[in-house]
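To keep things clear, I will list the structure first and then write my remarks on it.
Any read-out appearing in this document is the output of simple, stated calculations on the displayed coordinates, not a laboratory observation. Keep in mind that what you see is a predicted model, and the values were worked out from it rather than measured. Counting neighbours? That spans all protein chains shown, and the Cβs are built from the backbone with ideal geometry, glycine included.
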Amino acid sequence: MKVTAVDFIGTDNVFVVYFSAPHRVDFRALVRDLGGRLKARVELRQIGPRDEARLQGGIGPCGRDLCCATFLKDFEPVSVRMAKDQDLPVNPLRIAGACGRLMCCLKYEHPLYQEFRKDAPPVGTAVTTPVGDGTVIGHNVPSDTVVVKLAADGQACACPKASVCGSRKAYESMHGKG
């Protein structure tokens, strides 16, 4: 048993003890003993690893306060597929949060990546950019840009997704000749 936090509710004379443990545990004798010594009602509440991280707080790998400690209240399921869709390494140490589970941000950032991929030209596509023709070599979803290797000099440049268009042939096959 690892005690994570204790709340005291003075109006009701109640101590609420939050703890984590690997298995379900029966602490009825401990509750009676603590209640007698503290002369108050004692409640033990077992919490999971995500709730433990939320209660303890801390800094995430991004350098900001933990999402679960600041604004995330519902812990929805997170999958490795979400990490793959976001082009993250599938190394558990790199995609695990402070709680040891998959990072919650994978869940709420996932729709952004899905929406970006709907409109962005896939990697390997020949495109025309404001600075010249080239080939898509990558995506930068947070900045809404497409990384293009220019045909003229082989340099890579980041162009706004909206300014990159595919080849005329691909455009006409999708939208018809205009």
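Simple spin-label estimate for A21 and E115 gives 4.5 nm between the two label positions (7 Å along the Cα-to-Cβ direction from each Cα). When the chain is described by a simple charge dipole with +1 on each Lys and Arg Cβ and -1 on each Asp and Glu Cβ, the residue from V146, T11, C159 located farthest towards its positive end is T11.
Over the stretch 1-128, the hull volume per residue, using the convex hull of the C-alpha atoms, is 140 Å³. With the helix formula -39500 (n - 2.57) applied to DSSP H stretches of n ≥ 4, the chain reaches a computed 222 nm mean residue ellipticity of -8500 deg cm²/dmol.
Karplus-based coupling profile of the stretch 70-84, in residue order and whole Hz: 9, 9, 6, 10, 9, 9, 7, x, 10, 10, 5, 4, 5, 5, 5, with θ = phi - 60° in 6.51 cos²θ - 1.76 cosθ + 1.60 and x standing for Gly or Pro. Taking a quarter of the surface of the Cα convex hull of the stretch 67-129 gives a mean projected area of 5.8 nm².
Pairs exceeding 24 Å between alpha-carbon atoms, taken from K2/K73; K84/K118; K2/K107; K84/K161; K2/K84: K2/K107; K2/K84.
Assuming charge only on the beta carbon of Lys and Arg (+1) and of Asp and Glu (-1), the dipole of the stretch 1-143 about its Cα centre is about 660 debye to the nearest 20. Lys/Arg Cβ at +1, Asp/Glu Cβ at -1, dipole of the stretch 63-140 taken about the Cα centre: which of C99, I137, F71 is farthest positive-ward? Final value for the positive-end residue is C99.
The gain in end-to-end length when the L55 to Q86 segment is fully stretched comes to 8.4 nm, 0.36 nm per residue minus the alpha carbon separation.
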